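The values are calculated or read from the model by the stated rules, or taken from the named source; none is laboratory data. Since the model is a prediction, treat every value here as computed from it, not as a measurement. Neighbour counts are summed over all protein chains in view; Cβ atoms, including those assigned to glycine, are modelled from backbone coordinates with ideal geometry. Protein only, heavy atoms only, side chains kept; ligands, DNA and RNA dropped before computing areas. Shrake-Rupley method; radii C 1.70, N 1.55, O 1.52, S 1.80 Å.
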Amino acid sequence: MADRVTVIGWDGSPLTAAAKSALSAATLVAGAAHHLALPEVPPGAERIRLGSIDLAARRIAGHRGSAVVLADGDPGFFGVVRTLRAPEHGLEVEVVPAVSAVAGAFARAGMAWDDAQVVVAHRRTLRRAVNVCRAHTKVAVLTSPGAGPAELALLLDGIHRTFVICEELGTEREQVTVLTSDKAADHVWRDPNVVIVIGGVGTTASAGGGWIAGRDPGYPPAVRGWALPSEEYGVELDEGESTWLRAAQLARLGARTGDLVWDIGCGSGALAAEAARFGAAVIAVDAEPGACASTAAAARRAGVQLQVVEGRAPHVLERLPEPDVVRIGGGGLDVVTACADRRPERIVTHAATRDEAEAVGTALAAGGYEVECALLQSVGLDTGDWSERERSVVFLVSGQRPESGP
């Protein structure tokens, strides 16, 4: 019974001496069709065409002899190593690595990638991968059939990005194409491919680079903390955007990387900018041109990028992509109902009176949400003489979709 498997990464370059040695002794070789066609694969070895990695692992575990798995790129980076090392298979894994497809793609583009986000796009994760592309200035997308460059471009509708599409890296059919995202949906792309998505107005890398992979070197902004005071935005915030209400709303939203946040009635843009600082994609909506301009300015000050949509809710919401969480800064019960109809995981808003809070809670409950309400009171004090400077009293109302969990 096999208890050890050698996993060989292949990036199109000649196999190393270690890889050739492992292959020459193999009695079972698993891989894609182009791997099994390599001349180094022993003619007498049993060959398994990789489909389900779990199924292949079970066959390897039951094989009497030496097993080798061939995989594209670095098999330890979003590759087969994780599955093969699962405890249920009982396999000891030895890895002969190669250059990962992501490293190869950035090398072809002549770009640094320590500040890039890396995501995997399957049919089930495509929307979240697109949200990362909305929120970050440099993203590498490992695609799959049905979740490729064309699908990425279609879901990025209204967001301008540049695509560097690397098809069949390491093979004779390798091709690198650079085009804008609005053109990518007009082509048929060959698998496998990696898409580098770049653009936006977020923080760009400094000449000296950063200190942590996967983050823009300027993130977070120089000012430490959340729910920053109004002077950090250069505008006067109204009661619905007060510091402590904003902090509570951000806490209830729980925005995170891969999410799409709607901020409806975004006002100054303070909450929208701070939600984007969590790594979420944000669409900020307001009917007032001045509010839209203020929100764009807040994003620039925070070093983040977000999409600003001028229009009146609820009608403007019909053409927006599906949200994960929603903050409603204004618009009335029609907006609450329209948001509930789109079934985000959480909806957070506020009300000035108990009657208004009850009406919002009733609308959320009618939409199938579990409702929570708290009365928030904050009093700002002048620490010179500890006199009261400002007071804010507001009801925080939030709804959580029951099946979404805490």
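For this structure, a couple of remarks:
- Taking the stretch 39-58 as the range and being more than 34 Å from the chain's Cα centre (by Cα), of a type outside the set (Val, Ile, Thr) and open to solvent by less than 30 Å² (accessible area, probe 1.4 Å) as the test, the residues that pass are Pro42, Ala45.
- Among the candidates Ala61, Ala26, residue that is on the phi < 0 side of the Ramachandran plot, at pLDDT below 95 and crowded, with 17+ Cβ neighbours inside 10 Å: Ala61
- Filter result for Arg346 (open to solvent by 10 Å² or more (accessible area, probe 1.4 Å), within 21 Å of the chain's Cα centre (by Cα), touching a residue at least 12 places away in the same chain (Cβ under 8 Å) and under 22 Å from Arg256 (Cβ atoms)): yes
- Contact annotation: residue pairs with Cβ atoms under 8 Å, 6 or more positions apart or on different chains, pairing a residue in the stretch 323-338 that is surrounded by fewer than 22 Cβ atoms within 10 Å (Cβ to Cβ) with a partner that is of a type in the set (Val, Ile, Thr), are Gly330/Ile264; Gly331/Ile264; Leu333/Val360.
- The residues of the stretch 12-52 that are in contact with a strand residue (DSSP E or B) (Cβ under 7 Å, 6 or more places away or on another chain), more than 11 Å from Leu70 (Cβ to Cβ) and touching a residue at least 40 places away in the same chain (Cβ under 8 Å), listed by number, are Thr16, Ala18, Thr27, Leu28.
- Of the strands (runs of 3 or more DSSP E) contained entirely in the stretch 91-166, those carrying at least 3 residues that are within 30 Å of Ser21 (Cα to Cα) and open to solvent by 10 Å² or more (accessible area, probe 1.4 Å) fall at 92-96.
- When the residues of the stretch 351-378 are filtered to those that are part of a strand (DSSP E or B) and polar (S, T, N, Q), the one that is modelled with the highest pLDDT is Gln377.
- Residue in the stretch 9-21 that is over 18 Å from Phe78 (Cβ atoms), of a type in the set (Asp, Glu) and open to solvent by 10 Å² or more (accessible area, probe 1.4 Å) present: no
- Screening the stretch 195-222 for residues that are in contact with a helix residue (DSSP H, G or I) (Cβ under 9 Å, 6 or more places away or on another chain) and modelled with pLDDT under 70 and picking the one that is most open to solvent (accessible area, probe 1.4 Å) gives Pro220.
- Test: His35 is under 19 Å from Arg173 (Cβ atoms), buried (at least 17 other Cβ atoms within 10 Å of the Cβ) and not aliphatic (A, V, I, L, M): yes
- For the stretch 349-365, the tally of residues that are open to solvent by 20 Å² or more (accessible area, probe 1.4 Å) and either over 31 Å from the mean Cα position of the chain (by Cα) or among the acidic types (Asp, Glu) (or both) stands at 8.
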